[in-house]
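Read through the structure below, which is laid out as structure tokens, and then see the notes.
The values are calculated or read from the model by the stated rules, or taken from the named source; none is laboratory data. Nothing here was measured: the structure is a model prediction, and the numbers come from that model. Cβ placement follows ideal geometry from the backbone for every residue including glycine, while neighbour counts extend to all protein chains displayed.
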């Protein structure tokens with residue numbers, strides 16, 4: 001086997017390990033994300049579970065393989081009107097509440113190959129249509145994507161799918 005083929009095979013193995021870990025951590029995150037949990041605790045639990053499942057050295061380790069496996073980037077846990085990429089700092093006491101909508105974004109990595117995804121958690125059924133609209137937008141974009149599809153066209157398809165849903169804010173203003 002050529003060296004290039006070995007590297008490709010190793011990359012595929014690493015991506016699969018990262019993806020399987022991500023799947024298991026996502027399932028775990030969905031069981032612990034409940035009203036009353038501090039967002040910092042939620043993020044730290046997700047990152048700790050990732051390192052545990054991958055058999056990675058603990059945070060702060062002086063193990064030379066410390067960066068070989070673990071989480072791909074700081075876990076994001078954006079609440080309500082914060083669209084994405086918020087990560088709590090130490091001392092942040094923000095708590096997930098019953099009426100919140102939370103976007104969790106985390107990644108797992110093995111050998112630098114990152115599995116990444118974001119998903120939404122909400123406990124109030126008023127958010128169900130919004131979550132369904134985003135799922136439908138994602139499905140539409142994936143179905144339209146192809147070798148000749150332009151990003152702008154994919155974006156238009158996603159936007160059209162999402163805008164086909166109508167949302168009302170509490171004060172009655174259409175979103």
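Summary of computed values
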item	result
Residue satisfying condition, being in contact with a helix residue (DSSP H, G or I) (Cβ under 8 Å, 6 or more places away or on another chain) and either assigned by TED's automatic domain parsing to the domain that holds residue 29 or surrounded by fewer than 16 Cβ atoms within 10 Å (Cβ to Cβ) (or both), within set 92, 100, 62, 105	92
Count of the range 146-168 residues which are surrounded by 11 or more Cβ atoms within 10 Å (Cβ to Cβ) and either in contact with a strand residue (DSSP E or B) (Cβ under 7 Å, 6 or more places away or on another chain) or within 23 Å of residue 120 (Cα to Cα) (or both)	14
Odd one out for residue 43, checked against (1) under 15 Å from the mean Cα position of the chain (by Cα); (2) modelled with pLDDT under 95; (3) over 23 Å from residue 10 (Cβ atoms)	(2)
Failed condition for residue 57, given (1) under 20 Å from the mean Cα position of the chain (by Cα); (2) surrounded by 15 or more Cβ atoms within 10 Å (Cβ to Cβ)	(1)
Residue 73 being part of a loop (DSSP other than H, G, I, E, B), within 17 Å of the chain's Cα centre (by Cα) and modelled with pLDDT under 95	yes
